[in-house]
Amino acid sequence: MTSSTTTEESSSSSSTETTQISESHSEIPVPIETRRNIVGTWKQENQTLTVQSDGTWQLTGEINSSGTLTVAADFEDTQLLKLYGFNENIDGIGTYFIANFNQDSTKMGFGYLGQFNRLGNVTEAYLSTDVFQNDIQTTPVDFNTTILGTWTIKEGIEFHNTWNYNPDGTFETFSQGRGQAMTGEYRVKQLNGNWVDVTYTFDEDGQSYTSLYLIENGMMIENHFEDIKIVRNVIPDFPS
């Protein structure tokens, strides 16, 4: 990941390869009767979030922004949502938020924004199937140890690059050094414990490289680059 601005060749030093990760996904949205419902208006002390069934959303309060969203994962009481328009400084690649709900969808933990309470009754309208990504994660995963979602380099190098890992095996990355986004495909190979090899192939020039990471506690630690902090977007608490 640290070589994203040059896409230089690198290789994994691990010899403990066991199996290829196969994270279960589906092309069919989760049935409404088992799906948590984000559609409606949500409130916390200094912030209001409104989500419409067509995927449009608006934040008002301390943060004021609006845009559209897609659904990347939907399992149990959790959804992984990609918000477009939230961060205008990453060339439009979107930002993933993890949403954790209570059983009746009246309370929600929403990424780093924290806990929200629903205003009014739960609506009978749900997100349209049009806003579900073509491949969505439907089998429960631990976001502390899986690559899906948004990751940002916080410390260790000058530029704080952002990476989105989508459930269909594609990625987007915004490099502050280049000032523009790049896209491609990634492949994850499970090694011993929480170690993984990630192979990146860039659409721009077809160049590939592989990096070795330890993924745990919401961090990706790249082999030989341990001082660089690659941090997942916040996993919120479940509502009490």
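The values are calculated or read from the model by the stated rules, or taken from the named source; none is laboratory data. Because the structure is a prediction, the values reported are computed rather than measured. Cβ: placed from backbone, ideal geometry, glycine included. Neighbour counts: every protein chain shown. To get the accessible areas, we keep the full protein, side chains included, count just its heavy atoms, and leave off ligands, DNA and RNA. Shrake-Rupley method; radii C 1.70, N 1.55, O 1.52, S 1.80 Å.
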Counting each pair of different Cα atoms once, what's the Kirkwood radius of the chain in Å, rounded to one decimal? 18.6 Å
Probe 1.4 Å, all chains present, heavy atoms only: Asp142 accessible area in Å², nearest 10, is 80 Å²
Heads up, segment 104-240 by the C-alpha gyration tensor (a ≥ b ≥ c square roots of eigenvalues; a/c under 1.5 rounded, else a/b over b/c prolate, else oblate) looks prolate
Before I look further, what does segment 148-240 give for accessible area per residue, probe 1.4 Å, in whole square angstrom? 45 Å²
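Students sometimes get this wrong: rank Leu119, Leu191 by accessible area, probe 1.4 Å, all chains present, largest first. If you can, show how the numbers build up before the last one.
Numbers: Leu119 95, Leu191 5 Å².
Of Leu119, Leu191, the descending order of accessible area is Leu119, Leu191.
Would you mind working out the magnitude of the charge dipole of the chain relative to its Cα centre, with +1 at each Lys and Arg C-beta and -1 at each Asp and Glu C-beta, to the nearest 20 Debye? Intermediate results must be reported in sequence, preceding the final value.
On the way: 12 positive and 33 negative charges, 130 e Å.
About 620 debye.
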Rounded to the nearest 20 Debye, what is the dipole magnitude of segment 118-240 about its Cα centre when Lys and Arg each give +1 and Asp and Glu each give -1 at the C-beta? 240 debye
Normalise the Debye intensity by I(0) for segment 65-148, one equal point scatterer per Cα, no solvent, then take log10 at q = 0.13, 0.17, 0.25 Å⁻¹ and round to two decimals. -0.45, -0.79, -1.51
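Once the Cα gyration tensor of segment 118-162 is found, what semi-axes does its equivalent ellipsoid get, as square roots of 5 times the eigenvalues, in whole Å, sorted largest first?
Values: eigenvalues 203, 53, 33 Å².
The equivalent ellipsoid of segment 118-162 has semi-axes of 32, 16, 13 Å.
Considering only protein heavy atoms and a 1.4 Å probe, what is the carbon-and-sulfur percentage of the accessible area of segment 95-225? Mind dumping the intermediate values first?
Numbers: 2460 of 5630 Å².
Carbon and sulfur atoms account for 44 percent of the accessible area of segment 95-225.
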